[in-house]
Amino acid sequence: SLRKRLSITGRYSSIAIRGAIDLVQPHFLTPSTRGALNWSYDQETEETYLRNVGRFAPRLEQQFSRALTGFVLYRFEYDKLNKIDSATVDALGAIRRKGFLSGPSVGMVWNTTDNPLNPKKGEIVTFGFDYAGWGGDFNFYKMTAEGKKYIDIGWQTILASRLKLGLADSIGADENLPLFERFYSGGEKSVRGYVRRHLGPRSSIGDPLGGLSLVEGSLELRRPIWKELSGAVFVDFGQVSKRAFDLPFADVQFSRGFGVNYTTPIGPLSLYVGFPVHPPHGDRSWQINFSIGTFF
């Protein structure tokens, strides 16, 4: 659409409650630039913490070509954390429980896939950089890069693969990197077969601690079964390190499994069953993940 749009949305789940107002202006400054303003309030319930955040975030998106898009946004938000167990504090040291976060984020997306909802060929490469410290209470940087590749290998079978890397660190005191900006792994849209965030460092009572370096990846074979129904088998892997610039390739953990997808006009409905090779202590040896839209 070429018109200005104002939307008010709400979302509720067992993990997140969200209310947002978005104003979008296509053709802002140039025909290939889009401007947006976001006001939102979120509550996130995780094992490690309960987070409440109010946010204002202006954003510019630039379409450089059919395949290449870039964006820059500015985050100004107030975060408050509750329900942090003493075991988490013992493991990580001082934790800043509330404060203002202020700083820019920039990103680039290269996308040559043939279908945004169910790609069968092409690739997607994304890069993001976040910085906080311009007048706020937190001071850190965070970088993520992810590549996805889709190859038709014949017999209506698609080989899909992905690799994600992440690096982050505080600037100054360790508490300048907040708990909610640490890397976590495991669960839906991560390493299937693991409980959400249960892959990686955990406290003495089992709460996820996150880390400063992340490695994740997947290999998946997809093939139609009947009409709109298709099946898949996969291998996922990942790991999180508590140290900065310490990509933990040597310590990655694996899971494998299978799933089915049903194609709808709004995207596939997906049901996957995953089995970690070495389940964390106290967790089941299998997990079911259900989602709307493709995992990758």
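The values are calculated or read from the model by the stated rules, or taken from the named source; none is laboratory data. Because the structure is a prediction, the values reported are computed rather than measured. Glycine gets a Cβ as well: all are built from the backbone with ideal geometry, and neighbour counts include every protein chain shown. In case anyone asks, the SASA skips ligands and DNA or RNA and just uses the protein heavy atoms, side chains included. Shrake-Rupley method; radii C 1.70, N 1.55, O 1.52, S 1.80 Å.
Overview of results
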item	result
Scan of the stretch 278-296 for residues that are open to solvent by less than 100 Å² (accessible area, probe 1.4 Å) and charged (D, E, K, R), ordered by number	Asp283
Subset tally (residues that are among the β-branched types (Val, Ile, Thr) and within 24 Å of Leu214 (Cα to Cα)) for the stretch 250-281	3
Flag if Ser241 is within 19 Å of Ser161 (Cβ to Cβ), under 19 Å from the mean Cα position of the chain (by Cα) and open to solvent by less than 50 Å² (accessible area, probe 1.4 Å)	no
Candidate set from the stretch 1-28 (those that are touching a residue at least 24 places away in the same chain (Cβ under 8 Å) and over 25 Å from Leu179 (Cβ atoms)); member that is least open to solvent (accessible area, probe 1.4 Å)	Pro26
Failed criterion for Ser270 (all others in (1) open to solvent by 10 Å² or more (accessible area, probe 1.4 Å); (2) not in a loop (DSSP other than H, G, I, E, B) hold)	(1)
Count - residues of the stretch 191-219 that are closer than 23 Å to Asp79 by Cβ, over 13 Å from the mean Cα position of the chain (by Cα) and in contact (Cβ under 8 Å) with a residue 60 or more places away in the chain	7
Check on Arg11, modelled with pLDDT under 95, of a type outside the set (Gly, Ala, Ser), assigned to a strand (DSSP E or B) and more than 22 Å from Pro104 (Cβ to Cβ)	yes
Cross-chain or 6+ apart pairs with Cβ under 6 Å, the stretch 172-190 first and of a type in the set (D, E, K, R) and assigned to a loop (DSSP other than H, G, I, E, B), then open to solvent by less than 30 Å² (accessible area, probe 1.4 Å) and modelled with pLDDT under 95	Glu188/Asn289; Glu188/Ser291
Single condition Leu209 does not satisfy, out of (1) modelled with pLDDT of 95 or more; (2) aliphatic (A, V, I, L, M); (3) surrounded by fewer than 17 Cβ atoms within 10 Å (Cβ to Cβ)	(3)
Subset of the stretch 149-160 [open to solvent by 30 Å² or more (accessible area, probe 1.4 Å), in contact with an Asp or Glu (Cβ under 8 Å, 6 or more places away or on another chain) and not basic (Lys, Arg)]	Leu159
Considering residues of the stretch 30-59 that are within 25 Å of Gly122 (Cβ to Cβ) and among the polar types (S, T, N, Q) only, the residue most open to solvent (accessible area, probe 1.4 Å)	Ser32
In the stretch 161-183, the residues that are open to solvent by 50 Å² or more (accessible area, probe 1.4 Å), out of contact with any helix residue (DSSP H, G or I) (no Cβ under 9 Å at 6 or more places or on another chain) and of a type outside the set (A, V, I, L, M)	Lys164, Gly172
Single match in Glu228, Glu146 (criterion: acidic (Asp, Glu) and surrounded by fewer than 16 Cβ atoms within 10 Å (Cβ to Cβ))	Glu228
Lone qualifier among Gln239, Gln253 - being touching a helix residue (DSSP H, G or I) at 6+ places or on another chain (Cβ under 8 Å) and under 23 Å from Ala168 (Cα atoms)	Gln239
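The rows are residues; the columns are (1) surrounded by fewer than 22 Cβ atoms within 10 Å (Cβ to Cβ); (2) at pLDDT 95 or above; (3) under 25 Å from Lys121 (Cα atoms); (4) touching a strand residue (DSSP E or B) at 6+ places or on another chain (Cβ under 8 Å).
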residue: Leu199; (1), (2), (3), (4): no, yes, no, yes
residue: Val235; (1), (2), (3), (4): yes, yes, yes, yes
residue: Val252; (1), (2), (3), (4): yes, yes, no, yes
residue: Asn261; (1), (2), (3), (4): no, no, yes, yes
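Per-residue answers, yes or no, for (1) within 30 Å of Pro268 (Cβ to Cβ); (2) more than 17 Å from the chain's Cα centre (by Cα):
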| position | (1), (2) |
| --- | --- |
| Tyr74 | no, yes |
| Lys98 | no, yes |
| Val106 | no, no |
| Asn118 | yes, yes |
| Lys121 | yes, yes |
| Gly133 | no, yes |
| Asn139 | no, yes |
